[in-house]
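Scroll down for the structure; my scribbles are underneath it.
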Amino acid sequence: MAPGPQAQATLAPPAPAFARRTLADRESVLGTLMLAPALAYVILLVGVPFALAILLSFSSATAGSLDFTWAGLRNFAKLLGDPQFHRALGNTLRFMLVSQVLVMVLAVSAAHVLDAAFVGKRVVRSLLLLPWAAPVALASMAWVWIFDSTFSVVNWTLKVLGLLPGWLYWFGEPGLATVAIITVHVWRMFPFATVIVLAGMSVIPQDVREAAVVDGAGFFRRLFHVNLPMLLPVVTVAVVFGVVFTATDFSVVWLLTRGGPYNSTHVLATLAFQRGILGANLGEGAAVALFLLPVLLVAAVVMLRLARRAEVGT
Amino acid sequence: MATLTQPPATEEPTALGYVETRGLSKHFGDVRAVDGVDLCVMEGEFVVLLGPSGCGKTTLMRMIAGLEKPTAGEIYIAGERVDDDVPPRARGIAMVFQSYALYPHKTAFQNIAFPLEAAQVERSTLRRKVQWAAALFGLDRLLDRRPRQLSGGERQRVALARAVVRDPKVFLLDEPLSNLDAKLRAMARFELKQLQRQLGTTTIYVTHDQVEAMGLGDRIAVMDKGKIRQIGTPRDVYDNPADTFVATFLGSPPMNLVEQDEHTLVGFRPEHFLPREVFGEEPDLVTFRLRVREVEYLGSDRLAYGYLEEERRSDQPVIAAVPITITAPLAEGEVYEFAVRRRDLRFFDARTGLRKPAPR
Amino acid sequence: MSGRAAVRVAKRAALYTAAVAFTVFAVFPFYWMFLTAFKQNRDLYVGATNLQHVPWIFNDPPTLDHVRLLFFNTPYLVWVKNTALVGAAVVAITLVVAVPAGYSLARLAGRWGERLGIGIFLTYLVPPTLLFIPFARVISVLGLQNQLGALVLVYPTFTIPFCTWLMMGFFRAVPRDLEEQAMIDGYSRLAVIGKVVLPLAVPGMLTVVIFAFTLVLQEFVYALTFISQVERMTLSLGVPVALVRGDVFYWGSLMAACLITSLPIAVLYSSFIDRFIAGLTAGAVKG
Ligand SMILES: Nc1ncnc2c1ncn2[C@@H]1O[C@H](COP(=O)(O)OP(=O)(O)O)[C@@H](O)[C@H]1O
Ligand SMILES: [Mg+2]
């Protein structure tokens with residue numbers, strides 16, 4: 001049999017001079033080089049501004065000039081005596097809590113509906129995602145128009161149904177404005193939470209889920225004793241992101257009410273913008289925004305614990 | 001271990017194997033995956049690493065390939081030390097993974113050509129070599145297919161073709177047949193052996209299957225818990241196991257071990273343990289009385305499981321493999337006289353398990 | 001027997017009712033955008049007190065007037081261009097930075113990789129709301145006010161962490177065997193990345209492109225803070241802020257802009273949402 005073209009070569013091995021490692025082989029060096037730009041970006045453009053945010057809150061810096069005067073705790077002291085700030089802090093928590101409770105109720109129910117087999121499920125699922133995917137600023141404008149004081153379709157419909165004796169000035173009244181803001185938050189966040197919960201439900205054994213759907217009497221018992229405990233880690237993720245997104249949201253409140261009427265619907269984010277950017281008082285604005293930090297810290301700790309658990313679990 | 005203290009210059013290997021490891025170790029935390037292995041593979045030799053799963057075979061092979069950095073020890077290829085600074089790509093090795101590791105985004109042709117591209121082989125030579133390798137494994141018609149369009153056996157052959165195509169100095173094969181069904185496996189074993197003879201490439205082959213090991217290897221290195229327990233020709237490790245691990249790991253059913261006294265275990269293979277009458281008037285026999293508990297008919301053999309009446313603590317059953325040509329009666333529950341030739345007895349230290357000479 | 005069938009029918013009905021209710025709630029604003037964008041003014045601006053005039057449907061034939069106005073008499077197309085520019089630049093920066101970082105965390109950084117990866121992901125939780133004030137300072141020091149460059153500089157602060165995390169997941173999914181095989185086949189680690197890993201990670205990179213781009217399109221706070229000049233605005237800033245003349249909203253054109261901008265993004269985003277969710281819940285969901 002004719003030997004292959006290389007059968008010859010093995011007969012007399014040349015004294016091999018092995019090539020040595022080069023930079024392209026050194027994993028630790030490559031690893032560092034490849035990670036460095038991302039780390040640099042994060043440190044320089046998240047870490048440093050973050051530190052600057054804290055620093056600014058202790059200063060009387062203004063937008064116009066570059067000077068940086070130490071103001072100690074003056075910004076914070078002023079805020080603690082400021083009813084508008086109290087209102088904003090309260091609103092931030094209120095909007096967040098109410099909308100998150102509603103979001104989770106809606107999301108868990110919507111996920112159960114989507115989990116059941118029915119015709120058109122895929123279409124419904126992708127339609128449900130629209131609110132989360134659409135740019136929030138643009139979606140907010142649609143809601144501004146829906147809640148318009150003269151042309152509101154909500155008012156028209158309520159009137160026709162005979163449910164509305166008077167008139168609703170949605171953005172003219174603090175209570176109604178709050179309802180409008182929470183509605184938009186819920187509308188925007190619940191599809192996102194639904195998809196996350198659905199992802200979590202896919203790890204619950206099929207028979208358990210089916211039992212929950214089929215057996216009507218046991219539905220709520222199963223929901224609370226079987227499904228929810230199993231869903232807890234995923235629901236936690238959904239809640240953490242929901243909390244972070246609503247607590248730190250600026251666009252919805254700003255575009256719907258600009259903090260009005262009579263500054264009654266300001267949240268920390270919009271107040272910080274009003275004081276820091278429009279009012280040019282960077283120091284005070286930074287101090288306002290800093291009150292978001294506890295929320296974020298809690299969220300970070302929860303995420304870290306989840307990550308640790310997953311690490312141990314796998 | 002004394003050599004560790006000497007300066008490196010004096011450690012130049014002298015007239016040695018083509019692939020050699022010295023005191024090679026790899027620890028993963030507390031796990032000693034490979035623990036001080038000295039292995040010497042001659043040029044053109046086919047050495048099989050045999051051992052139970054988890055004994056460190058893959059880790060040892062990966063260190064030779066350069067995919068894993070040793071915790072301690074040295075590796076030489078063609079007399080040159082490579083463990084420290086020679087990357088996998090420069091070691092002149094070809095490896096076939098258990099998973100075949102075919103590139104899913106490349107056709108069979110491109111898979112086989114990939115190592116040649118690395119070597120910047122000229123286009124026409126490349127085509128010729130790929131076709132040669134493909135022909136070697138009967139892949140000519142499959143070269144345009146992607147891995148997912150190939151059967152398990154075809155994938156295995158593409159992986160082998162990719163390994164031989166660039167004329168490596170050493171083949172490293174990690175259980176390359178374990179994903180094939182039994183019928184294909186026997187065929188592939190035969191072809192592999194033929195191929196290695198034909199190419200004459202130094203080969204290290206990992207398996208946990210003793211039949212594969214016995215059939216393929218010029219020599220077999222039996223591993224356990226990160227250490228090489230014995231290395232020798234198939235015949236040698238089978239007939240003269242260095243310790244009780246090797247004795248019981250090789251052979252199916254394994255060697256019988258019986259306590260002779262508190263210091264010594266006596267070993268004999270089931271196929272040497274036959275009814276007394278088979279041996280006729282032969283001298284130098286050792287006889288036992290076997291109480292048969294169970295008899296299995298395996299076609300070519302009858303396996304008799306039982307206990308020795310002579311043995312004091314008989315919790316370990318003894319097995320006799322009686323060829324079907326021997327018609328002596330074997331009934332369950334009966335006691336029979338069995339015998340072994342004295343030269344077929346092996347003796348082991350009861351404490352260390354190591355082989356020791358026959359007592360006078 | 002028939003009682004049980006009735007219960008089943010009732011359950012089906014409840015299921016469909018719920019599905020319809022959720023869908024209506026989710027889709028209603030988009031339907032409203034659509035109606036508004038194509039209604040004639042006469043049909044559009046009828047006070048809600050007029051109960052005879054049903055706002056839910058086209059009472060007059062639809063019109064393209066608002067769309068025409070949007071395209072030819074407003075800066076809409078300029079904003080589209082600005083958005084495309086910023087988006088392309090941010091996507092490019094994100095790919096160049098996040099892809100190598102993701103690989104490094106997945107394969108090269110060893111035990112540190114896991115920690116650093118989580119650390120980088122956590123920075124995704126630091127919101128623009130906390131950072132826009134210091135950034136206002138930074139941007140003015142750099143002289144980038146009213147420049148698209150400001151957005152190009154700042155947007156990667158949220159695209160990079162998230163996309164690094166996504167890429168890390170994609171790279172982990174590439175079988176290690178393949179990379180090691182290629183290293184034995186004669187390639188350095190760097191060449192392996194180029195010849196084997198990246199071709200296999202193309203779907204992952206595509207996902208990163210989509211997400212980086214949609215995140216850019218979603219962003220509002222930074223744009224509002226840095227950009228006040230109308231010709232420098234992006235879509236998500238210009239449409240809500242600058243499509244007003246005096247105090248008058250041009251609702252038809254405005255809703256047309258919202259619809260035309262939102263729908264493609266929403267469709268694109270929805271088709272990739274599963275990967276996004278997989279990235280977010282990595283760790284919380286096993287398998
Ligand atoms: N990357 C690793 N990290 C930790 N332990 C490992 C790693 N690779 C192998 N081991 C451990 O080392 C031992 C030997 O593994 P391996 O070499 O794969 O055995 P074999 O190939 O003989 O089955 C096993 O106990 C295994 O769990
Ligand atoms: Mg193995």
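The values are calculated or read from the model by the stated rules, or taken from the named source; none is laboratory data. Owing to the predicted nature of the structure, the values given are computational and were not obtained by experimental measurement. All Cβ positions, even for glycine, are placed from backbone atoms using ideal geometry, and neighbour counts span all protein chains on display. These accessible areas exclude ligands, DNA and RNA; they are computed on the full protein's heavy atoms, side chains included. Shrake-Rupley method; radii C 1.70, N 1.55, O 1.52, S 1.80 Å.
Just give me the residues in the stretch A:111-148 being under 30 Å from the mean Cα position of the chain (by Cα), open to solvent by 50 Å² or more (accessible area, probe 1.4 Å) and more than 7 Å from chain C (Cβ to nearest Cβ), in sequence order. Result: A:Ala117, A:Lys121, A:Arg122, A:Val123, A:Arg125.
Residue-level check: of (1) more than 16 Å from ligand 1 (Cβ to nearest atom); (2) in a strand (DSSP E or B); (3) buried (at least 20 other Cβ atoms within 10 Å of the Cβ), B:Ala247 misses just (2). Taken over the stretch B:105-153, the criterion of being surrounded by 14 or more Cβ atoms within 10 Å (Cβ to Cβ), of a type in the set (Lys, Arg) and within 14 Å of chain C (Cβ to nearest Cβ) is satisfied by B:Lys106, B:Lys129, B:Arg146. The residue list B:Arg229, B:Arg235, B:Arg219, B:Arg197 contains one member that is more than 16 Å from ligand 1 (Cβ to nearest atom), in contact with a Gly (Cβ under 9 Å, 6 or more places away or on another chain) and basic (Lys, Arg), which is B:Arg219. For B:Asp167, the conditions (1) under 27 Å from B:Asp35 (Cβ atoms); (2) within 14 Å of chain A (Cβ to nearest Cβ); (3) open to solvent by 40 Å² or more (accessible area, probe 1.4 Å) are fulfilled apart from (1). Look at the stretch A:20-35: where a residue is farther than 28 Å from C:Phe121 by Cβ and a partner is polar (S, T, N, Q) and surrounded by 17 or more Cβ atoms within 10 Å (Cβ to Cβ), sitting 6+ places away or on another chain with Cβ atoms under 7 Å, you get A:Thr22/C:Ser188; A:Ala24/C:Ser188; A:Asp25/C:Ser188.
Being more than 9 Å from every other protein chain (Cβ to nearest Cβ) and either open to solvent by 70 Å² or more (accessible area, probe 1.4 Å) or in contact with a helix residue (DSSP H, G or I) (Cβ under 9 Å, 6 or more places away or on another chain) (or both): is that true of A:Val98 here? Taking the combined requirement at face value, the residue satisfies it.
If only residues of the stretch C:144-163 that are of a type outside the set (A, V, I, L, M) and within 11 Å of another protein chain (Cβ to nearest Cβ) are counted, the one that is most open to solvent (accessible area, probe 1.4 Å) is C:Gln145.
In the stretch C:56-83, the residue that is most open to solvent (accessible area, probe 1.4 Å) out of those that are under 22 Å from the mean Cα position of the chain (by Cα) and free of Cβ contacts under 8 Å to residues at least 24 places away in the same chain is C:Lys81.
Among the residues of the stretch B:56-80, those identified as in contact (Cβ under 8 Å) with a residue 60 or more places away in the chain and either in contact with a helix residue (DSSP H, G or I) (Cβ under 6 Å, 6 or more places away or on another chain) or not polar (S, T, N, Q) (or both) are B:Gly56, B:Lys57, B:Leu60, B:Met61, B:Ile64, B:Ala65, B:Glu74, B:Tyr76, B:Ile77, B:Ala78, B:Gly79.
Looking across the stretch C:1-49 at every residue that is buried (at least 19 other Cβ atoms within 10 Å of the Cβ) and among the aromatic types (Phe, Trp, Tyr), the one that is farthest from the other protein chains (Cβ to nearest Cβ) is identified as C:Phe38. Hey, among the residues in the stretch C:134-180 that are farther than 30 Å from C:Ala191 by Cβ and of a type in the set (S, T, N, Q), which one's nearest to the chain's Cα centre (by Cα)? Across the stretch C:134-180, the extreme among qualifying residues is C:Thr157.
Filter the strands (runs of 3 or more DSSP E) completely within the stretch B:259-309 down to those with at least 1 residues that are touching a residue at least 12 places away in the same chain (Cβ under 8 Å), among the basic types (Lys, Arg) and touching a strand residue (DSSP E or B) at 6+ places or on another chain (Cβ under 7 Å).
Details: elements: B:264-268, B:285-297, B:301-308.
In the stretch B:259-309, B:285-297, B:301-308 are the strands (runs of 3 or more DSSP E) which contain 1 or more residues that are touching a residue at least 12 places away in the same chain (Cβ under 8 Å), among the basic types (Lys, Arg) and touching a strand residue (DSSP E or B) at 6+ places or on another chain (Cβ under 7 Å).
Among the residues of the stretch B:84-117, which ones are among the aliphatic types (A, V, I, L, M), in a loop (DSSP other than H, G, I, E, B) and under 23 Å from C:Leu198 (Cβ atoms)?
Pass one, the stretch B:84-117, residues among the aliphatic types (A, V, I, L, M): B:86, B:90, B:93-96, B:101-102, B:108, B:112-113, B:116.
Checking which are in a loop (DSSP other than H, G, I, E, B) leaves us with B:86, B:101-102.
Answer for the stretch B:84-117, where residues must be among the aliphatic types (A, V, I, L, M), in a loop (DSSP other than H, G, I, E, B) and under 23 Å from C:Leu198 (Cβ atoms): B:Ala101, B:Leu102.
Could you pull out the residue among C:Ile139, C:Ile133, C:Ile118 that is open to solvent by 10 Å² or more (accessible area, probe 1.4 Å) and either assigned to a helix (DSSP H, G or I) or more than 8 Å from every other protein chain (Cβ to nearest Cβ) (or both)? First the steps, then the outcome.
Values: C:Ile139 fails: open to solvent by 10 Å² or more (accessible area, probe 1.4 Å); C:Ile133 fails: open to solvent by 10 Å² or more (accessible area, probe 1.4 Å).
Going through C:Ile139, C:Ile133, C:Ile118 in turn, just one is open to solvent by 10 Å² or more (accessible area, probe 1.4 Å) and either assigned to a helix (DSSP H, G or I) or more than 8 Å from every other protein chain (Cβ to nearest Cβ) (or both): C:Ile118.
Are any residues in the stretch C:84-104 over 15 Å from A:Val42 (Cα atoms), open to solvent by less than 10 Å² (accessible area, probe 1.4 Å) and either out of contact with any helix residue (DSSP H, G or I) (no Cβ under 8 Å at 6 or more places or on another chain) or at the interface with another protein chain (Cβ under 7 Å from one of its Cβ atoms) (or both), and if so, which ones? Hits for the stretch C:84-104 are C:Tyr103, C:Ser104. Suppose the filter is in a helix (DSSP H, G or I) and either charged (D, E, K, R) or away from ligand 2 (no atom under 16 Å from the Cβ) (or both); does B:Thr203 pass it? It is false that B:Thr203 is in a helix (DSSP H, G or I) and either charged (D, E, K, R) or away from ligand 2 (no atom under 16 Å from the Cβ) (or both). Across the stretch B:27-60, the number of residues qualifying as outside any strand (DSSP E or B) and open to solvent by 60 Å² or more (accessible area, probe 1.4 Å) comes to 6. Looking at B:Val158, B:Val211, just one residue is loosely packed, with under 15 Cβ neighbours inside 10 Å, β-branched (Val, Ile, Thr) and part of a helix (DSSP H, G or I), and that residue is B:Val211.
State whether the residues of the stretch C:244-257 include one that is more than 14 Å from chain B (Cβ to nearest Cβ), in a helix (DSSP H, G or I) and either surrounded by fewer than 20 Cβ atoms within 10 Å (Cβ to Cβ) or touching a Lys or Arg at 6+ places or on another chain (Cβ under 6 Å) (or both). Explain how you work it out, then say what you get.
Within the stretch C:244-257, the first condition is being more than 14 Å from chain B (Cβ to nearest Cβ), and the residues that meet it are C:244-257.
Subset that is in a helix (DSSP H, G or I): C:251-257.
Then drop every residue that is not either surrounded by fewer than 20 Cβ atoms within 10 Å (Cβ to Cβ) or touching a Lys or Arg at 6+ places or on another chain (Cβ under 6 Å) (or both), which leaves none.
For the stretch C:244-257, residues more than 14 Å from chain B (Cβ to nearest Cβ), in a helix (DSSP H, G or I) and either surrounded by fewer than 20 Cβ atoms within 10 Å (Cβ to Cβ) or touching a Lys or Arg at 6+ places or on another chain (Cβ under 6 Å) (or both): absent.
Of the residues making up the stretch B:77-102, just one is crowded, with 21+ Cβ neighbours inside 10 Å and of a type in the set (Ser, Thr, Tyr), namely B:Tyr100.
Considering only the stretch B:276-284, I want to know if a residue exists there that is surrounded by 13 or more Cβ atoms within 10 Å (Cβ to Cβ), in contact with a helix residue (DSSP H, G or I) (Cβ under 7 Å, 6 or more places away or on another chain) and closer than 27 Å to B:Arg235 by Cβ.
no
Name the residue, out of B:Gly56, B:Gly51, that is within 24 Å of C:Ala182 (Cα to Cα) and within 16 Å of ligand 1 (Cβ to nearest atom).
Working: B:Gly51 fails: within 24 Å of C:Ala182 (Cα to Cα).
After applying the criteria, what remains is B:Gly56.
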